Amino acid sequence: MITVIAGTNRKNSRTRLFAEYVVSCMQELGAEKVELLALEDLPTGMLHADMYSEEGQSKAIGQLQDQFVIPAQKFYFVVPEYNGGIPGVLKSFIDACSIRKYKESFHGGKKAALLGVSSGRAGSLRGMDYMTGFLNYLQINVMPNRQPVSSIEEFITDDQLTNEGIKKLIKDHAKAFLDF
């Protein structure tokens with residue numbers, strides 16, 4: 001199973017639009033099971049200081065782990081740039097999954113791809129560097145071809161990804177990840 005993670009909890013985000021396109025590309029390319037985990041759908045109040053103990057962790061985190069994280073052998077992260085980094089909710093969610101079934105979740109032997117998206121010029125390069133570092137620490141093998149996409153508003157019309165060049169770039173990246 002491949003889990004595509006739209007890495008922000010911002011409602012109606014462009015990140016989700018790109019993540020949905022990645023899912024459709026992978027399905028078109030023949031991937032058997034691809035699931036979308038959009039962090040904007042996380043239950044309110046799920047991430048809090050007590051989540052770092054088993055007693056304080058919400059059942060929702062465990063349910064998300066069981067559905068999207070533990071069965072996944074690969075993760076495709078669509079990561080927006082927030083202030084030169086990644087959204088805190090993405091790192092907090094990964095940290096929360098380290099409390100319950102740590103080894104089965106985001107640790108050891110799994111693979112990941114990173115697609116950085118930003119309205120600015122950098123395409124989340126700093127965020128992808130940061131994520132690569134901590135994913136490597138967790139022994140997750142990150143595909144070397146991390147794909148930045150800058151100035152994303154130029155590629156969207158009426159809430160649809162319309163630029164054929166960017167669509168091909170993303171589809172090629174998805175194919176490379178399926179082969180990874």
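Test of understanding: among 93, 68, 77, 134, which residue is farther than 18 Å from residue 16 by Cα, in contact (Cβ under 8 Å) with a residue 24 or more places away in the chain and among the aromatic types (Phe, Trp, Tyr)? If you could, list the steps in order and put the result at the bottom.
Numbers: 93 fails: farther than 18 Å from residue 16 by Cα; 68 fails: farther than 18 Å from residue 16 by Cα; 77 fails: farther than 18 Å from residue 16 by Cα.
Unique residue meeting the criteria: 134.
For the stretch 156-168, name all the residues that are part of a helix (DSSP H, G or I), over 16 Å from residue 4 (Cβ atoms) and open to solvent by less than 70 Å² (accessible area, probe 1.4 Å).
Within the stretch 156-168, 165, 166 qualify.
Quick check: anything in the stretch 48-59 among the basic types (Lys, Arg), out of contact with any Cys (no Cβ under 7 Å at 6 or more places or on another chain) and modelled with pLDDT under 90? If you could, list the steps in order and put the result at the bottom.
Filtering the stretch 48-59 down to residues among the basic types (Lys, Arg) leaves 59.
With the extra rule that they be out of contact with any Cys (no Cβ under 7 Å at 6 or more places or on another chain), the set shrinks to 59.
Adding the requirement that they be modelled with pLDDT under 90 leaves 59.
Yes: one or more hits.
Going by the structure shown, is residue 153 without any contact (Cβ under 8 Å) to a residue 60 or more places away in the chain and surrounded by fewer than 20 Cβ atoms within 10 Å (Cβ to Cβ)? Show your work before the answer.
Working: without any contact (Cβ under 8 Å) to a residue 60 or more places away in the chain: no; surrounded by fewer than 20 Cβ atoms within 10 Å (Cβ to Cβ): yes.
No; evaluated as a whole, the condition is false for this residue.
Residue 177 - would you say it is out of contact with any helix residue (DSSP H, G or I) (no Cβ under 6 Å at 6 or more places or on another chain) and either closer than 24 Å to residue 12 by Cα or at pLDDT below 95 (or both)?
Working: out of contact with any helix residue (DSSP H, G or I) (no Cβ under 6 Å at 6 or more places or on another chain): yes; either closer than 24 Å to residue 12 by Cα or at pLDDT below 95 (or both): no.
No; evaluated as a whole, the condition is false for this residue.
Can you name every residue in the stretch 97-112 that is hydroxyl-bearing (Ser, Thr, Tyr), open to solvent by 10 Å² or more (accessible area, probe 1.4 Å) and under 17 Å from the mean Cα position of the chain (by Cα)? Break it down into steps so the answer makes sense when it comes.
Here is the first cut: in the stretch 97-112, the residues hydroxyl-bearing (Ser, Thr, Tyr) are 98, 102, 105.
Filter again for open to solvent by 10 Å² or more (accessible area, probe 1.4 Å), leaving 98, 102.
Within the stretch 97-112, 98 is the sole residue that qualifies.
The values are calculated or read from the model by the stated rules, or taken from the named source; none is laboratory data. Values in this document were obtained by computation on a predicted structure and should not be read as measured data. Positions of Cβ are backbone-derived with ideal geometry, glycine not excepted, and every protein chain shown enters the neighbour counts. SASA here: full protein model, heavy atoms, side chains in, ligands and nucleic acids out. Shrake-Rupley method; radii C 1.70, N 1.55, O 1.52, S 1.80 Å.
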